[in-house]
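A short worksheet on the structure shown next.
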Amino acid sequence: MKITKYVLIDIARNRFVIFYTVFLFLVSFCMFNLEGNSEKAILSLLNIMLMVVPLVSIIFTAIHFFNSYEFIELLLSQPIDRKSIFLSEYIAVSLALTLAFCVGVGLPVTIFNAGSSSLVLVLCGVVLTLVFVSIAFCAAVLTRDKAKGIGMAMLFWIYFTLIYDGIVLYVIYAFSDYPLEKLTLTLISFNPVDLARIIILLKLDISALMGYTGAFYKQFFGSPMGMIYSFSLLLIWAFLPLLLSLRIFLRKDI
């Protein structure tokens with residue numbers, strides 16, 4: 001806890017984290033003031049959140065990890081368990097970025113539109129933060145080279161936010177003559193960004209715009225079991241990369 005507290009205080013003073021919080025707050029505040037309909041404001045926030053939150057989480061975490069290498073080496077020279085050092089770093093970074101998101105988005109959303117859709121938006125943003133912090137740690141422990149590590153983290157972000165959707169659209173177009181509802185459901189499960197998008201869109205009750213596929217998603221994701229399934233998958237996406245990166249870190253020669 002002492003290591004976590006020290007790292008958290010250090011991150012809290014970081015100008016980038018402060019800028020990130022202020023940016024999200026101003027954007028959220030402006031969206032609710034410009035849009036007469038709060039549901040449209042949440043939809044606009046969703047589009048921004050799905051791009052900005054993963055990008056900031058993965059880039060900031062990777063840079064922070066490499067900048068903290070000397071501090072980590074110092075801690076490793078002390079009689080401190082490697083697992084404790086790694087998890088302290090993860091908890092501190094995750095907590096700092098989660099608090100930044102909750103203040104920047106959660107506070108305006110609660111003020112202007114306190115409801116279930118707003119709660120789901122905030123929850124999805126928090127879980128996405130945890131997911132991409134875990135992925136960033138996984139990328140950072142794979143290499144000692146800072147440029148390669150940050151580049152790898154960027155590739156993960158590009159893949160999940162841009163490339164993967166293109167692959168899904170190609171599959172849907174190529175096999176449009178076949179029933180693809182279950183296949184697209186499976187494909188969505190392999191992308192945390194798509195999972196968060198579908199959950200929030202269905203919570204806003206605009207699945208009619210998605211046609212027959214939207215009705216299928218509404219039937220599945222709109223049910224209690226569907227919500228449990230989707231949030232469970234998001235949590236798995238947060239913990240699997242973390243466990244993998246922890247395993248690599250424990251065996252790595254620093």
inquiry  = Just checking, does the stretch 221-237 include any residue being surrounded by 17 or more Cβ atoms within 10 Å (Cβ to Cβ), at pLDDT 90 or above, in contact with a Pro (Cβ under 9 Å, 6 or more places away or on another chain) and not β-branched (Val, Ile, Thr)?
reply    = yes
query = Which is assigned to a helix (DSSP H, G or I), buried (at least 22 other Cβ atoms within 10 Å of the Cβ) and of a type in the set (S, T, N, Q), of Thr61, Thr98?
reply = Thr61
message = Restricting to the stretch 33-45, name every residue that is surrounded by fewer than 21 Cβ atoms within 10 Å (Cβ to Cβ) and part of a helix (DSSP H, G or I).
response = Asn33, Leu34, Ser38, Glu39, Lys40, Leu43, Ser44
remark   = Of the listed residues (Val131, Val141), the one being more than 23 Å from Val52 (Cβ to Cβ), assigned to a helix (DSSP H, G or I) and touching a residue at least 40 places away in the same chain (Cβ under 8 Å) is Val141
key: Residues located in the stretch 70-95, provided they are closer than 21 Å to Ala153 by Cα and without any contact (Cβ under 8 Å) to a residue 60 or more places away in the chain   = Glu70, Ser94
note = Considering the stretch 104-141, residues that are of a type in the set (A, V, I, L, M, F, W, C) and surrounded by fewer than 16 Cβ atoms within 10 Å (Cβ to Cβ), and then whichever is nearest to Leu246 (Cα to Cα), we arrive at Leu119
ask   = Does the stretch 8-23 include one or more residues that are at pLDDT 90 or above and surrounded by 20 or more Cβ atoms within 10 Å (Cβ to Cβ)?
value = yes
task = Filter the stretch 177-200 down to residues that are of a type in the set (A, V, I, L, M, F, W, C) and in a loop (DSSP other than H, G, I, E, B) and give me whichever is modelled with the lowest pLDDT.
result = Leu180
task = Pairs only if they're at least six apart or on different chains, beta carbon under 6 angstrom, first in the stretch 149-167 and among the small types (Gly, Ala, Ser), second modelled with pLDDT under 90 and not in a helix (DSSP H, G or I); list them, first residue then second.
result = Gly149/Thr143
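The values are calculated or read from the model by the stated rules, or taken from the named source; none is laboratory data. Being a predicted model, the structure only gives us computed values, none of them experimental. Ideal geometry is used to build each Cβ from the backbone, glycine not excepted, and the neighbour counts take in all protein chains shown.
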